[in-house]
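*Asks:* The following block contains the structure, expressed as structure tokens.
Only the coordinates and a few stated rules stand behind these numbers; no lab work does. None of these values were measured; they are calculated from a predicted model. Cβ atoms come from the backbone with ideal geometry, glycine included; neighbour counts cover every protein chain shown.
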Amino acid sequence: MNIQGWTYLLVGITFSVYIGIAIWSRVGTTSGFYVAGRGIPPLANGMATAADWMSAASFISMAGLISFMGYTGTIYLMGWTGGYVLLALLLAPYLRKYGRYTIPEFVGDRYYSQTARVIAVFCAIFVSFTYVAGQMRGVGVVFSRFLEVDVTIGVIIGVGIVFFYAVIGGMRGITYTQVAQFCVLIVAYLIPAVAISWKMTGWAIPQIGFGATLIEGQYAGMALLETLDAIHRDLGLPEYTGAWVGGKKSMVDVLAITMALMVGTAGLPHVLIRFYTVPNARAARWSAMWALIFIGLLYTTAPAVSAFARVNMIETLNEQPYTSAPEWFKSWEGTGLIVFKDRNGDGLIQYSGNAGKNELTVDRDIMVLANPEIAKLPAWVVALVAAGGLAAALSTAAGLLLVISASVSHDLLKSVMWKDMPQNVELRMARIAAAFAVIVAGILGIYPPGFVAQVVAFAFGLAAASFFPILLLGIFDKRTTKEGAISGMLLGIGFTAAYIIWFRFVDPTATADQWLFGISPEGIGTIGMVLNFIVAITVSRFTSPPPIDVQSMIEDIRAPGGNRDT
Amino acid sequence: MVVLLSIWFVVSYLLGIVFVEPLNQFHLGGFPLGFWFAQQGSIFVFIALTLVYALAMDRIDRRHGVDGGPPLGRSKDSSETVE
């Protein structure tokens, strides 16, 4: 069977599993819809969180980005894992103990203010939509390459699947589908990584192969990373493992971006609400640990994949005649994601750090998808990767859509407009909101703003600047008042959004010299967060302290022991 | 907790970023050491931190006689409640 046949088969099987789970786990209560009845065991929640978390950006784009960035790719590796330490230690157990259904609900109660809650709702919706657009585009890329359908049709199929299980199954459906999706995506990621590591270094564990000696090809006998550094020097590129060399990001920028991604992770509503689905605070701590183990599995493999792919790609293509380029090269060329321009007309593909001589442009998003083909692995592995990419994109999209749906039905409609809305009406509203959000997400996927990882990086900056400080102060500083929280959130998100919009859309050619402290738009969330903290703390000291019942609530969630929810 | 957060900070920001160049002069197998911390070691350390924290908090819960409840068991609020 060829790649396309295998892809249809594997994608068909996995999609049927997701639909089966959705039907089995359909829900009839708001608690089931929003928080899966709070009955998810930590291990399962860890898997679901990992799938929720690892998006199309992690699965499809990340290894490719690192492959082109070398050391600087660290920002994604540390940034997207380190946040779980903050989450496990500072937020998840406390938020779980407080109970309730959504993050804006906690913000509204803790800051005794509907205004704070509404602001939080808008932050949550904005962040989630930014993020979901990237997922849908990932779905489109996979479909267009492997099933040879139009991106638009690919997105519509993806939307249809998510629609089905998110609208019917709510959080319960999403959780168990995410468990299945985690299994699919991790297997799909590890099999080719292990195979390539085995082939190139003789080590089956990619984390070891990453630091081992190559056993095949023209560089046999040299350590992998040493080889990469040498290749890069020959091509006139900065060394792969070098940190502050060549055109790479500055130290300040790397620090800021890593921080923004970590803190953003801890402030992303779709990750936080996963901890509402477990029975208690203790289970929240353990599920954060499990989640990080499952995420770490992919995240420690990814940089190895990047390095293997880099060596392989350059070895296979550089200085080779275009006419004898491998088949995968031609099929990716068809999607426009690989471009070859024979500048000197010698019929050879030349890759170079010198922009004037370089003849090969490879889109970063395709490295993981193309990797098994580049390494000449069998067709079913290639198809498995396609199914894994879809699992990663769909699982994250579903988690985000639930946040949007709960924000609209629970936080806006129920708490602000119609306080005594009956449960069955609220449930119907939640489903309508989810359906609406899925369709908007699909439209964003068909007309995507920017490329996957970049769009996602902005969602982090905004989450870092809005939620994290307010949640942290809400739990650990009794003195923070509603005035403090509201002004902090508004300034944090306003500043961050303005900076990003300015340097991305108004003046995108600006260089590091014009950036504030040399921090790029991806890292500016860190400054937004600091501003949020400063303003929230300062304003709180000049306004009257929170009411006694709020203060005792804060003491209560920090005391060890049982839950607060009814 | 302060200790754990300090380790988090030192490993990720100091070893992985600020001191990456000096550390790269040392090697761990085929890895430059700073590069290894940045792309592998830090993640292992993060996992260890959350594990130690979960264990330590379990112990604190027990010492206070308030068992946080078995993570898998049913607690009274795991039933479907309506607000």
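*Asks:* Rank-order A:97-106, A:149-158 by packing density, defined as the average count of other C-beta atoms within 10 Å over each peptide's residues, highest first. Could you put the intermediate results ahead of the total?
*Replies:* Details: A:97-106: 24.0, A:149-158: 19.1.
Top of the packing list down: A:97-106, A:149-158.
*Asks:* OK, next. Considering only A:61, A:101, A:15, whose Cα is most displaced toward the positive end of the charge dipole of region A:1-138, charges sitting on Cβ of Lys, Arg (+1) and Asp, Glu (-1)?
*Replies:* The residue sitting farthest along the positive end of the dipole is A:101.
*Asks:* Same structure again: What FRET efficiency, computed as 1/(1 + (r/R0)^6) with R0 = 56 Å and r the Cβ-Cβ distance, is obtained for residue A:112 and residue B:26, rounded to the nearest 0.05? Working shown, then result.
*Replies:* Details: r = 54 Å, r/R0 = 0.96.
Rounded to the nearest 0.05, the efficiency is 0.55.
*Asks:* Starting at the first residue of region A:97-112, write each ³J(HN,Hα) from the Karplus equation 6.51 cos²θ - 1.76 cosθ + 1.60 with θ = phi - 60°, in whole Hz, x for Gly and Pro.
*Replies:* 5, 5, x, 6, 10, 9, 5, x, 5, 4, 4, x, 6, 5, 9, 5
*Asks:* Next question, about the same structure. Multiply the residue gap between residue A:330 and residue A:428 by 0.36 nm, knock off their C-alpha separation, and tell me the result in nm, one decimal place. It would help to have the intermediate numbers written out before the result.
*Replies:* On the way: separation 98, 0.36 × 98 = 35.28 nm, distance 4.86 nm.
Working it through step by step, the gained length comes to 30.4 nm.
*Asks:* I would also like to ask the following. Sort the following peptides by mean Cβ neighbour count (other Cβ atoms within 10 Å, averaged over residues), highest first: A:320-332, A:46-58.
*Replies:* On the way: A:320-332: 14.3, A:46-58: 28.6.
So the order, starting with the most tightly packed, is A:46-58, A:320-332.
*Asks:* Shielding of A:288-296 by partners, i.e. mean partner chain Cβ atoms within 10 Å per residue?
*Replies:* On the way: counts 3, 10, 4, 1, 7, 4, 1, 3, 5.
Counting Cβ atoms of other protein chains within 10 Å of each residue's Cβ and averaging gives 4.
*Asks:* Could you give each residue of region A:183-189 its phi-based ³J(HN,Hα) in whole Hz, using Karplus coefficients 6.51, -1.76, 1.60 with θ = phi - 60°, and x for Gly or Pro?
*Replies:* 4, 4, 6, 6, 5, 5, 7
*Asks:* Could you check the simple spin-label distance between residue A:122 and residue A:436, using points 7 Å along Cα→Cβ, in nm with one decimal?
*Replies:* Reported label-point gap for residue A:122 and residue A:436 is 1.7 nm.
*Asks:* Under a 5 Å amide H to amide H cut-off, with H placed in plane at 1.01 Å, what residues pair with residue A:215 once short-range neighbours are removed?
*Replies:* For residue A:215, whose amide H was placed from the backbone, the distant partners under 5 Å are A:201, A:221.
*Asks:* Give the calculated FRET efficiency between residue A:358 and residue B:52 to the nearest 0.05, with a Förster radius of 56 Å applied to their Cβ-Cβ distance.
*Replies:* About 0.70, to the nearest 0.05.
*Asks:* Same structure again: What distance in nm lies between label points placed 7 Å from Cα along the C-beta direction at residue B:63 and residue A:348?
*Replies:* Reported label-point gap for residue B:63 and residue A:348 is 6.9 nm.
*Asks:* Cβ neighbours within 10 Å, averaged per peptide: list A:269-278, A:64-73 in order, most packed at the top. Please report the intermediate quantities before stating the final value.
*Replies:* On the way: A:269-278: 27.3, A:64-73: 24.1.
In decreasing order of mean packing, A:269-278, A:64-73 become A:269-278, A:64-73.
*Asks:* Which whole-number percent of Cα pairs in region A:84-172 have a distance greater than 18 Å?
*Replies:* Percent of Cα pairs beyond 18 Å in region A:84-172: 65.
*Asks:* Kirkwood Rh, Cα Rg: Rg to Rh for region A:1-81? Numbers along the way, then the final one.
*Replies:* Working: Rg = 17.7 Å, Rh = 16.0 Å.
Rg/Rh: 1.11.
*Asks:* Roughly how crowded by other chains is peptide A:98-105, in terms of the mean Cβ count from those chains within 10 Å of each of its Cβ atoms? Write out the running numbers ahead of the final one.
*Replies:* Working: counts 0, 3, 1, 1, 0, 0, 0, 1.
Mean number of neighbouring Cβ atoms from other chains: 1.
*Asks:* Mind putting a number on the dipole of region A:275-391 about its Cα centre? Charges go on the C-beta only, +1 for Lys and Arg and -1 for Asp and Glu, and I need it in Debye to the nearest 20.
*Replies:* Working: 9 positive and 10 negative charges, 124 e Å.
Here the size comes out at about 600 debye.
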